[in-house]
1. Given ALA200, ALA170, which one is outside any loop (DSSP other than H, G, I, E, B) and closer than 15 Å to ILE136 by Cα?
2. Filter segment 332-348 for residues that are part of a loop (DSSP other than H, G, I, E, B) and open to solvent by 80 Å² or more (accessible area, probe 1.4 Å) and give the result.
3. Keeping to segment 372-388, report how many residues are touching an Asp or Glu at 6+ places or on another chain (Cβ under 9 Å) and aliphatic (A, V, I, L, M).
4. For segment 76-115, which positions are of a type in the set (Phe, Trp, Tyr) and under 23 Å from ARG291 (Cα atoms)?
5. Looking only at helices (runs of 4 or more DSSP H) that lie completely in segment 237-317, which have at least 2 residues being free of Cβ contacts under 8 Å to residues at least 60 places away in the same chain and under 30 Å from GLY103 (Cα atoms)?
6. Among the candidates CYS205, CYS225, which residue alone is part of a helix (DSSP H, G or I), farther than 17 Å from GLN151 by Cα and either in contact with a Ser or Thr (Cβ under 8 Å, 6 or more places away or on another chain) or assigned by the TED database to the domain that holds ARG256 (or both)?
7. Quick one: which residue in ARG133, ARG145, ARG176 is basic (Lys, Arg) and touching a helix residue (DSSP H, G or I) at 6+ places or on another chain (Cβ under 6 Å)?
8. Just for segment 75-112: of the residues that are charged (D, E, K, R) and assigned to a helix (DSSP H, G or I), which one is nearest to LEU47 (Cα to Cα)?
Amino acid sequence: DVAYLRSVLPSTTDDAFFDYLATLDASEVTVTAIPEGSVVFPRVPFLQVKGPLLVVQLLETTLLCLVNYASLVATNAARFRLLAGPDMKLMEMGLRRAQGPDGALSASKYSYIGGFDCTSNILAGKLYGIPVRGTIAHSFVMSFRCLEEVQPRDLLPRAGGDPVDLAGLAVSWLQRVCDLLQTPPSKANQGELAAFVSYAVTFPCDFQGLLDTYCVRRSGLPNFCAVALALHQLGYQAIGVRLDSGDLAQQSKEIREVFRACGAHFQVPWFGTIPIAVSNDISEQSLEEFRREGSEIDMIGIGTNLVTCPLQPSLGCVYKLVEVNGSPCLKLTEDEEKMTIPGMKAIYRLYDAAGHPFMDLMALEEEPSPSAGQELGIHVLGQLGETTKVIPSTVEPLHRTYFRDGQVCEPLPSLPEVRTHAQVSLSLLSPAHRRLHEPQPYPVYV
């Protein structure tokens, strides 16, 4: 590294500088931060770094790279979770649209923290332990032409016994399903039926169908029901379907009606509750439409609008010098938002009697800590002439020291623990602060 720097820095650079670089020691750095997964508000420093000036300057770009995209994706995922509600299953499936493989892995990891349940990115599952899920592809369905291509076709009943020709059994069920749905069996694509049968023979306990390769109503739906009912006859239970085009909310309601009709007509009670998953460029607006129109959707796969964050493509975290050798530093600028707040700070979150945080308080490190039940004289950030009195019911210091003397000094939580903390942090916010449209601004005081 030093040799490379010699090659790109001016030739007049003193050799002593390169000797100095070889002596840099991270053990001289101390890092305090708000715990990962916490809700953080503008102007509040969520990470503070102390150490030799050159060392902490060198850390700037790396730290911003590590936290900006991660925080952005986690925030974007949290918005989707708030819109979807706590019971909807959310699957991250943005690998193909992410900004390169590193961006894709970060997106999988931090969308999980933000509230997604699983990912289609198998490498992220391997590296981070995130639950993985997926469905069959259109290309798999389209690769079949007829039932003769299905090999093998025999399936052992779950309770034991002789193998059964699943393809033949599915054909007989297709006729019965089409009679119920009043649709001609000839309209059901034979290649699609073959693909479903082949998948079901291979994964009889995990059978699912992609319904819209050809026509949902005339082909995908009757073909799926036929194979699912054939599996049921052999003791197995299908686990779901996916839609990837069209009016997803309306189609989900029509599909649920068919499932219930089949369940009642063929006396298969669980059939009416088969999970319905949807995908296809899902956005925040899509989720709002699903809620407004009503739907029978159980799982949503989101890719492009999650990992590329089109509503806000970047997060503007900054890294600013606030103190040198005990002297506070202040950056003055005509843009008030870009003015720094001098001095090393302690951050506190104040809670009301209902357990909701109602403000964050910034104080200098040497100032006395606020206490629950104690009256505080505070100032709105940027309006130092006005004093407000508050009495918090609970006070939570937010900063913890994570790195000191070259060692991690605070136990680092697992990814599931960070995810849980993120969801708890969001749930504690009052609804007025949590709503996505015209939220009540969360105040920061000093």
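The values are calculated or read from the model by the stated rules, or taken from the named source; none is laboratory data. The structure presented is a predicted model; accordingly, all values stated were derived computationally and were not measured. When we count neighbours, we look across all protein chains shown, and the Cβ atoms used for this are built from the backbone with ideal geometry, even at glycine. Side chains are part of the model used for accessible areas, which takes the heavy atoms of the whole protein and leaves out ligands, DNA and RNA. Shrake-Rupley method; radii C 1.70, N 1.55, O 1.52, S 1.80 Å.
1. Just one listed residue meets the conditions, ALA200.
2. Residues satisfying the conditions are LEU332, GLU334.
3. So the count comes out to 1.
4. Matches in segment 76-115: PHE80, TYR112.
5. Here the list reads 284-293.
6. Exactly one residue qualifies, and that residue is CYS225.
7. Of ARG133, ARG145, ARG176, the one residue that is basic (Lys, Arg) and touching a helix residue (DSSP H, G or I) at 6+ places or on another chain (Cβ under 6 Å) is ARG145.
8. Checking each candidate, the answer is LYS109.
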